[in-house]
Each structure stands twice: as C-alpha cells, then as structure tokens.
C-alpha cells in the first residue's frame, strides 16, 4: 500500500500537576448511548514510578471525539482492591453487548489481571472483578493497555508477559526478563484456557528483556499474528495457524527500541494500522538530548496494511527529538479518521510516561 498521508489535530493533553505526577496509557470504547469513553492510568501523590499509587480515571466525549470532558473522581479506584496501584486499561464489548473493562492489579512484586462487566453504562457502574490471571509468587504479570482482542467468532485473547521473581540475598526481589503467552477466553469471557505455548527467547543471555508486552491480531485468513517488545532492535513476531500451531518467534520488519508496538484493524475499512517507534540509522544515531527522558521512543509513526503482514512505508505522527511517544491506543471513528492516545512526556515532565495526549488523525 502507499504511504498514508495524514492530518492531525490535538484534542486533549493530560499533563502532570500537584498530586497527579503522571497520566499515562489508556483505552477507548463507545458507550451504548453513543458517547466515547477514554480511561487511563491516573497517578496520585508525588511519584510517577510504575508501582506508585495509581487509579483509573476517565474522560468522555459527547461529540464523536471532537472534545473530551473529565469525569469526576475515578472510574475505578485502587482502594476498591485494597491496594495502591491499578493500571493498563483495555475495553472490549462482548457479543451480547456487555461492556467489559480489563486492568492490572499490583500487589508489590506480584500482580494479577482482572475483568469487570459494566452493569450500568449510563452511570458507569461495574460488577465485581473476575480474575483472568491469578497472582503467582513466582511471576510478575504484565498486560499492556488496549491489548485484549475479540476475534471474528467472539472469542477473547489476552496477550500477557510474565517476569520471573527472584529473591536476592538481602531478601529484596528482582523482576527478571520476560516470557510471553496468550490466554484464550470463550465468547462470554467465562471459560479460559491457554491458547499458546510460552514464548521464550532463544539465547536469553544476549537479552535483558526477553519477550515483553506482547500484542495479537487476527489476520484475514483467520490466522493470528503476535508481536513482542525486545531489546534486540526489532519487534519479534510469531504466526499461528490451526494446522501448524505457533511459529518460532523471529525478528519482524519493525525496528524498535524497548517500546511496545500496537496493531489494530479498522472495522469500517478492514485496513490494519501499526503504531510504533522505529530506529532510523540505528548504528549511527546520535543523541544530543537527554536520552533517558524518552528511552529512544521517538519518533512515533504509523503504517497501513490490507492483510496485516505487508505494511506500507511509515508516516510520521510525532518526531520532536526531546520527547518520547509510547503506549498508544486507537479508536476508529470511521473509514478515514481515528483517535490516537499516547504518552508524550519530555524533560519538563520528568519522563515520557508522565504526560499523555489524544489526537484526531485523518488519513487520505
């Protein structure tokens, strides 16, 4: 396909402020009354560390994404779980039209992943949590925002990473490199079973990350495609077919720092959109700015594909070298326009995760 030509406009900026040091990754869903809901990780207190106090806040649009207004309080508070951190939202609507929210709950060096069904979309009231991934003293689990997939038959897929927890001599705990796996749930999100083997990087001595922050899409021929963040300068990829199972993960065409990619299919056009951070001129790339601010997550680009495999050259969404752009989520408004949310912090924000924004992007 040809390189997409895009026009963008900023819809909302979620900057840090007193007692709110970080506003980061989230996801979108359209409510039954037509409004668009955006929920995201809202940190409180003074620390923007991943495990610092965090609940799920929300914004809502009543004009098809032209503007958003903050909802008061929290959509879901960490206090409901009697912990201090919940984050990384995904939304899915089941075949019976039930709206479900998924998010990560952190218990120190352990974590679990939960789902809650919405029982009142007007008031945004959710039922009690249903555990998708249980806590395990050996592993720390991660599922990114905007990651849960519903396939063409209504089944759900949760791509997850697990980091082995190893106690050190001082009884502190280290969380080591990741392996990934995918959980398959039935159309009612009741029965769960593992859909994939555990993906573990070959020759892990050459990698500090392993396979982190996986994603998954369904291809037009009903195969599945999974992708993984690594520290080997590429996103890695694996294909699934009913005949041969999952292929051994290998480097994909997507160059990348240690940053997640997102691929989503526009339901109105059938076109696949990929969002990621490429590594242009990798071996000779120079950093005059403070690289720790964005960890190489610059620029932010997008490419398109008809089959989910062969992508166009990329169009640049953001490329200011002193900012980092990562953890995107997308909501397709129609065939040619969508909302894109992502982290966009710079030095004045402390790091790239502390601030986020929503853009409307029109593709011609």
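Where a number appears in this text, it was derived from the coordinates with a stated rule and is not lab data. Remember, it's a predicted structure, so these values are computed and weren't measured experimentally. Backbone-built Cβ (ideal geometry, glycine too); neighbour counts: all protein chains shown.
Assuming R0 = 45 Å, what is the FRET efficiency of residue 232 and residue 122, from their Cβ-Cβ distance, to the nearest 0.05?
Using R0 = 45 Å, I get an efficiency of 0.40.
In what order do 156, 219, 149 fall by count of nearby beta-carbon atoms within 10 Å, going from fewest to most?
219, 149, 156
Over all directions, how big on average is the projection of the convex hull of the alpha-carbon atoms in the stretch 117-266, in square nanometres?
That works out to 11.6 nm², a quarter of the Cα hull's surface.
Give the whole-number value, in cubic angstrom per residue, of the convex hull volume spanned by the C-alpha atoms of the stretch 221-364.
111 Å³
Sum -39500 (n - 2.57) across every DSSP H segment of at least 4 residues in the chain, then divide by the residue count to get the 222 nm mean residue ellipticity, nearest 500.
That calculation yields 0 deg cm²/dmol at 222 nm.
Take every Cα-Cα pair in the stretch 49-174 and report what % of them are more than 16 Å apart.
Percentage above 16 Å: 67.
Would you list 276, 246 from fewest to most Cβ contacts within 10 Å?
In increasing order of surrounding Cβ atoms, one gets 246, 276.
Provide, for q = 0.08, 0.10, 0.13 Å⁻¹, the log10 of I(q)/I(0) from a solvent-free Debye sum over equal Cα point scatterers in the stretch 6-363.
Taken in order of the listed q values, log10 I(q)/I(0) reads -0.36, -0.58, -1.05.
Once R0 is set to 22 Å, what does the formula 1/(1 + (r/R0)^6) return for the Cβ-Cβ distance between residue 247 and residue 191, expressed as a FRET efficiency to the nearest 0.05?
0.25
For the residues 28, 228, what sequence is obtained by ranking on other C-beta atoms within 10 Å, fewest first?
Final ranking by Cβ density, sparse to dense: 28, 228.
For residue 5 and residue 203, calculate 0.36 nm times their separation in residues minus their Cα-Cα distance, and state this gained length in nm to one decimal.
Result: 67.3 nm gained on full extension.
At a threshold of 8 angstrom on Cα-Cα distance, excluding pairs fewer than six apart, so keeping six or more, what relative contact order does the chain reach in percent?
16 percent
Which number do you get for Rg(Cα) / (2.2 N^0.38 Å) in the stretch 6-99?
Normalised Rg, Cα atoms only: 1.15.
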